[in-house]
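Q: To start, I am sharing the structure in question, which I have written as structure tokens.
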Amino acid sequence: MTTANPLKIGFCCPTIDAQPWADALAHKLPSAQMHIWPGSTESLDYALTWSPTQEFFDAQPRLKAVFALGAGMDSLLKLRLPESLPLVRIEDGGMASQMQDYVTHALLRHVYRFDRYEQDTRTGLWQQYAESLPEHYPVGILGLGELGSKIAERVRDLGFPVCGWSRSPKVLQGIRCYSGDELPKFLASCRVLVCALPLTAQTQNILNEKNLSLLQSSAYLINVARGAHLVEEDLLKLLASGHIAGAYLDVLRTEPAPVDHPFRSHPSITLTPHIAAQTLMQPSIAQISEKIRMLEKGQAISGVVQRERGY
Ligand code: NAP
Ligand code: GLV
């Protein structure tokens with residue numbers, strides 16, 4: 001990393017203003033050159049991406065690594081990229097505490113019926129419902145990684161019975177951990193289901209009628225992962241039957257949701273526009289710049305996608 005032979009770092013982030021991100025990285029790596037695509041045709045050492053395009057990568061023959069400005073790698077993995085090119089995700093970077101707050105909000109709003117009281121008082125009613133307490137709502141977290149494990153710990157600390165499901169077995173204090181083919185047993189033990197899985201060939205459509213029917217009756221669904229985890233018609237069916245009482249969804253198969261999407265007007269569904277955990281510039285750039293330094297020294301870094309497992 002000398003000024004005689006500066007590192008060239010590019011930004012392929014067509015849906016956001018990349019300039020502040022480039023400025024922040026330049027501050028951390030003052031001898032590196034920053035290039036924003038489109039507009040630059042430099043051959044780059046490293047790329048930082050958000051909603052990246054194939055066109056950008058097709059013109060980059062000598063990348064040493066690609067960093068996503070997020071935790072989910074599904075949009076990068078859809079592209080044709082050399083098998084040996086390391087793809088690196090943000091590890092927490094301030095997202096876990098946002099996810100904890102989001103899930104806490106959705107959960108407490110449902111359990112203590114704040115949603116119903118808000119609706120009732122607006123429509124002229126003044127009535128109290130029977131007591132509803134955390135112990136009546138066992139919560140299950142699909143995915144116990146950087147974000148899911150932190151969500152599970154926060155929900156446990158609020159007094160809810162908590163369990164989780166992951167690919168490999170885990171041990172987390174006060175949390176019943178299931179893995180692999182124990183999915184049906186895990187689902188049967190939950191009344192609230194929180195999805196914090198990466199989107200992969202194995203997890204796509206996992207929130208389907210068969211799986212959601214295994215939840216305890218009057219279940220509640222919170223999806224903070226990806227829209228393609230949920231089979232949307234199946235949720236509508238289970239809401240109509242009453243097996244599912246409601247859902248709080250941060251992600252949809254099509255974003256932004258079309259104005260006539262049935263979820264927008266459904267009384268038991270709350271939507272937010274993919275904001276459960278936003279990428280924070282300072283911690284993310286600190287993480288990426290440190291990883292670039294390590295790679296330049298020939299050191300191994302964490303957060304590299306394992307292509308064979310899809311995350
Ligand atoms: P992560 O650290 O990679 O954790 C993923 C977890 O899912 C791990 O526990 C993993 O099991 C488990 N898993 C993966 N495939 C599985 C399978 N087939 N069966 C069972 N468990 C499986 O990911 P993260 O950082 O927590 O992020 C999770 C996802 O959240 C991201 O991929 C992204 O899509 C989404 N996200 C959404 C927002 C938002 O604003 N809505 C923001 C950030 C992230 P192992 O522990 O055994 O590997
Ligand atoms: C956001 O959805 C992310 O994957 O970071």
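Q: Ignoring ligands, DNA and RNA, what percent of the accessible area of the stretch 95-271 is carbon or sulfur (1.4 Å)?
A: Whole-percent figure for carbon plus sulfur exposure: 52.
Q: For a label point 7 Å from the Cα of residue 121 along Cα→C-beta, name the residues of the stretch 73-112 whose backbone N is under 11 Å from it.
A: Within reach of a label on residue 121, which here means backbone N under 11 Å from a point 7 Å along Cα→Cβ, the stretch 73-112 contributes nothing.
Q: Does the chain classify as rounded, prolate or oblate by the C-alpha gyration tensor (a ≥ b ≥ c root eigenvalues; a/c under 1.5 gives rounded; else a/b over b/c gives prolate, otherwise oblate)?
A: Judged from the Cα gyration tensor, the chain comes out prolate (a/c at least 1.5, a/b above b/c).
Q: Here's another thing I want to ask about it. Going out from 0 in 10 Å bins, what whole percent of all Cα-Cα distances in the stretch 1-128 drops into each bin?
A: Going from the shortest bin to the longest, the percentages are 11, 32, 23, 12, 11, 8, 2, 0.
Q: Further question: If you average the sequence gap of Cα pairs under 8 Å that are 6 or more apart and divide by the length of the chain, what percent do you get for the contact order?
A: 16
Q: Given the rule -39500 (n - 2.57) for each run of at least 4 DSSP H residues, summed and divided by the residues of the chain, what is its mean residue ellipticity at 222 nm, to the nearest 500 deg cm²/dmol?
A: -8500 deg cm²/dmol
Q: Report for the chain the percent antiparallel among DSSP-assigned beta bridges with both residues inside it, nearest 5.
A: 5
Q: Please identify, among 174, 70, 148, the residue showing maximal mean-square fluctuation in a Gaussian network model of the chain using a 10 angstrom Cα cutoff.
A: Answer for the Gaussian network model of the chain: 174.
Q: Go ahead and set up a Gaussian network model of the chain, Cα springs under 10 Å, then flag whichever of 228, 257, 300 fluctuates most.
A: Highest fluctuation among the options: 300.
Q: How large is ³J(HN,Hα), in whole Hz, for each residue of the stretch 110-117 in order, when computed from phi with the Karplus curve 6.51 cos²θ - 1.76 cosθ + 1.60 and θ = phi - 60°, using x for Gly and Pro?
A: 6, 4, 8, 6, 4, 4, 6, 4
Q: For the stretch 158-286, just run the numbers: alpha carbon Rg, then divide by 2.2 N^0.38 Å, N being how many residues it has.
A: Cα Rg divided by the expected 2.2 N^0.38 Å: 1.10.
Q: Putting +1 on Lys and Arg Cβ atoms and -1 on Asp and Glu Cβ atoms, find which of 268, 171, 160 reaches farthest to the positive end of the dipole of the stretch 95-271.
A: 171
Q: How many angstrom lie between the C-alpha centres of the stretch 239-305 and the stretch 137-187?
A: Rounded to whole Å, the Cα centres lie 19 Å apart.
Q: I've got another one for you. Please check which bits of the stretch 101-122 a label hung off residue 133 would reach, taking the label as a point 7 Å along Cα-to-C-beta and the cut-off as backbone N under 17 Å.
A: 108, 111-113
Q: Can you tell me which of 231, 139, 155 moves the most in a GNM of the chain? Springs connect C-alpha atoms under 10 Å apart.
A: With Cα springs under 10 Å in the chain, the top fluctuation among 231, 139, 155 is at 231.
Q: I've got another one for you. Which aspartates and glutamates does residue 210 reach when only Cα atoms under 19 Å apart count, and residues fewer than 8 places away in its own chain are ignored?
A: List returned: 181, 182, 232, 233, 234.
Q: Would you mind calculating the relative contact order of the stretch 108-257 from Cα pairs under 8 angstrom and at least 6 residues apart, reporting the percent as a whole number?
A: Value for the stretch 108-257: 17 percent.
Q: If you don't mind, another one. With the other protein chains left in place, how much accessible area per residue, in square angstrom, belongs to the chain at a 1.4 angstrom probe?
A: Roughly 48 Å² per residue, with all protein chains present.
Q: Moving to a separate point now. Would you mind checking which residues have amide H under 5 Å from residue 164's amide H? H placed 1.01 Å from N; only 5 or more apart, or other chain.
A: 141, 176, 177, 178
Q: Could I ask something else about it? How big is the dipole moment of the stretch 95-271 about its Cα centre under a simple scheme where the beta carbon of each Lys and Arg is +1, that of each Asp and Glu is -1, and everything else is neutral? Debye, nearest 20, please.
A: 240
Q: Can I ask one more? Taking the Cβ of residue 74 as the centre, find all other residues whose Cβ is under 11 Å away and add up their charges (Lys, Arg: +1; Asp, Glu: -1).
A: +3
Q: Let me ask something additional. Taking loop as defined by DSSP and a crowding limit of 15 other beta carbons within 10 Å, which chymotrypsin sites (Phe, Trp or Tyr not before Pro) in the stretch 109-147 fit?
A: 112, 126, 129
Q: Report the charge-dipole magnitude of the chain in Debye, nearest 20, computed about the Cα centre from +1 at each Lys and Arg Cβ and -1 at each Asp and Glu Cβ.
A: 500
Q: My understanding is that a pair violates if its Cα-Cα distance is over 21 Å; which of 28/291; 64/170; 78/297 do that in this structure?
A: In this structure, 64/170; 78/297 exceed 21 Å between Cα atoms.
Q: Using the alpha-carbon atoms, what tilt in degrees (0 to 90, nearest 10) does helix 232-241 show relative to the longest principal axis of the chain?
A: 10
Q: Here's something else I'd like to know. List the trypsin sites (Lys or Arg not before Pro) within the stretch 129-212 that fall in a DSSP loop (any state other than H, G, I, E or B) and whose Cβ has at most 12 other Cβ atoms within 10 Å.
A: none
The values are calculated or read from the model by the stated rules, or taken from the named source; none is laboratory data. It should be emphasised that the depicted structure is a prediction, and the values quoted were computed from it without experimental measurement. Every residue, glycine as well, gets a Cβ built from its backbone with ideal geometry; the counts of neighbours run over all protein chains shown. Side chains are part of the model used for accessible areas, which takes the heavy atoms of the whole protein and leaves out ligands, DNA and RNA. Shrake-Rupley method; radii C 1.70, N 1.55, O 1.52, S 1.80 Å.
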